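The values are calculated or read from the model by the stated rules, or taken from the named source; none is laboratory data. As the structure is a computational prediction, the values presented were derived from the model and not from experiment. Reconstructed Cβ throughout: ideal geometry from the backbone, glycine too, with neighbour counts over all protein chains shown.
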Amino acid sequence: MENILIYLNDSKNLVYLISLSILIAIMIIISKKNELKFSVAYTKNIQKYLNLNIARNYLIRLKFKKIKLTNKYQIHKSNEICWVTENNKIVEINSNYLELCNEYNFQEVIDNNFQLIPIRDNETGLLYPQKEKVVIDGKQHVFKVNKICKKNSNIYSALDITNEENHEEILNKQNETNLHLMNQLTDPVAIYAQDGSLVFFNMAFKKFASMDEEYLKEKPNESDILDTMRYKDLIPTQINFSEWKKKQLNIYKTLNNREQWWYLPDGRAIRVLSQPNPLGGVTHIFENHTDRLALENETRLLSSIQEQTIDNLSEGIALFGTDGRVKLTNPKFNELWNMKLNMDGVHIEHLIDALANDINKNLFDEIYTNIVSTGITRRDHSGTINNNNDKTIYYKSSILPDGSILYTFTDITDSFKIEEALKEKNEALIQADKIKTIFMNNISYELRAPLQNIIGFSELLEDRISKEAKKGSSEYIYNIKKSGNELRYQINQILEITSLESGKISLKYQEISRKKFLSLVQEELYQLNFLDYTFKIEERDVKNTTKIYIDTKCIPRIFAGVIKIFNKKNNFEDLKEVKVQVTVELEKKSHKFVFNLQDELIENEYSLEDINDEYIYSRGDIESTIIQKYIEYFNGEIEIHKQYNRIVVKLPKKYK
């Protein structure tokens, strides 16, 4: 069948075409008016056939110039875009080529040599097929162009591969992205082609294999790389390395995924994942699990130690989760509560039912409320529970970071009984102390009352006898009075030491002049009027101070007691009056009081540690005990020097 091309730029041809169209329309109208009894589908086919044949017969009879396309180059049956050139000019195109030339008809393409795709007749050295990029209707298309050279012409064929190119570009970008991501991985990655050559490696693999990057870029095969890694102790030690390597390289044939563990000589544990690639070759990933395995071993060891520790604790342990169920107990817990069943997973409500038995469940209310509360309202608390075995159990809770709550239960039955016994003993001691205090108060009255009577009557008798000038009777009365005063002094000491032992010491600090203070000491010395001589205080120069802040109740008593103790070693029977010279020195942190008695020497030197020495006085002496307790109370010092019968007392300075 011939192909006919009509030029519409000819006015005659245009008139014929219009007439033909009108004729066809009239025939369709007439056929409808005659009400032909054909089916709709059959009528359309008949009309189409008639129309085409009429048009064809009419055009054949047209007397205008036509161009007959020869199929000389066999390009009109091709599905590709085809064109023929001679001397860089298009001489023939097929319909596929013409479809892309929207603004041109066949003759215009030929006449204007419209090159949809650039013609490269005169270019040499080009290898076909070539890819050409062409913009058509504002869109870029990629064509795969082939060229067949004839004697005087060139036949070109082009296939639109735009979609394939786009997919390939996307795939290439995706591959580049994947390779970039693999290069950022911390695990070594190596990809080998089907022939065993290295086609990709990341920096982690370069570091792991300890190989130069230039060497790896030369694409060595896996066999050589394994040899190098063996030399560097980067593979497990093998008895038969050749056999082992053969098994390693067998993955290129089996195409099965593989997982291995490499335990290197340096102690590292490497997990090697090998996966065949869809396009051939294999990918190896080397994961370093050394730290993870060490951590797992350490965790298991720690867990085992903790489990052993918990199981051997002397306290019962019960761990409750946020859901109020038991997560952990130890054997001691079961022993304390006589539990024979495993209570793990049991809710606290059912656990209390098992623990309480015949005990009042109200004892567990606080524990129950704390466990079933939310994590915010849970709190640490403690208490005691008495179970039906006459055991006293102490419990204490601790809130853990994950919201769980841990209870410890301790059997304090023995310690509780000891505590109760101590409390009873302490109460007995307190009661005994009260009785002793009451006794001392009573005996002080019972002793003082008749003693005061003796002293009073002796004074009356002494006064009356002195008037009657009976010398013998006056001496007897004096001795009675002297003995009574000494007895009163001793009774006062007994009462004083009782107060000291009970800790009931009342102090009275005042800022007073040295004269006033020394007068208080003199008053204390007057209490020694049962002696055959008296002590008289004489003031010496007071250095660095005129007034002192000091206790005016107990400290004068200390000084009088020290002088009396000193009297036991030195016999002043030949003297009626013993002079005591006192010097007050203000030091940085203390008051220093120096007492000088007469001018006779003491043979030895003593300190506070020697104050109980029998050479000075007998052990258990009331006077020495009182003085020692006072000195310890004030944290002071006493020194007795051999020079000039000197006694030095140091007391820490007290501030207002």
Matching residues in segment 318-372 (more than 30 Å from the chain's Cα centre (by Cα), β-branched (Val, Ile, Thr) and assigned to a loop (DSSP other than H, G, I, E, B)) number 2
For Asn277, work out the one condition from (1) at pLDDT 90 or above; (2) closer than 22 Å to Asn202 by Cβ; (3) surrounded by 12 or more Cβ atoms within 10 Å (Cβ to Cβ) it doesn't fulfil. (1)
In segment 522-533, what residues are modelled with pLDDT of 75 or more and in contact with a strand residue (DSSP E or B) (Cβ under 6 Å, 6 or more places away or on another chain)? Gln522, Leu525
Which of (1) surrounded by fewer than 16 Cβ atoms within 10 Å (Cβ to Cβ); (2) over 21 Å from Lys207 (Cβ atoms); (3) not hydrophobic (A, V, I, L, M, F, W, C) is the odd one out, the single condition Arg258 does not satisfy? (1)
Considering each residue of segment 372-423, count those that are among the aliphatic types (A, V, I, L, M) and surrounded by 14 or more Cβ atoms within 10 Å (Cβ to Cβ), and give that number. 7
Could you grab me the full set of residues in segment 215-238 that are of a type outside the set (A, V, I, L, M, F, W, C) and in contact with a strand residue (DSSP E or B) (Cβ under 7 Å, 6 or more places away or on another chain)? Lys219, Pro220, Asn221, Glu222, Pro236
Just for segment 273-291: of the residues that are more than 13 Å from Thr186 (Cβ to Cβ), not in a strand (DSSP E or B) and not hydrophobic (A, V, I, L, M, F, W, C), which one is nearest to the chain's Cα centre (by Cα)? Thr290
Within 23 Å of Thr177 (Cα to Cα), in contact with a strand residue (DSSP E or B) (Cβ under 6 Å, 6 or more places away or on another chain), at pLDDT 90 or above and β-branched (Val, Ile, Thr), is that true of Thr290? no
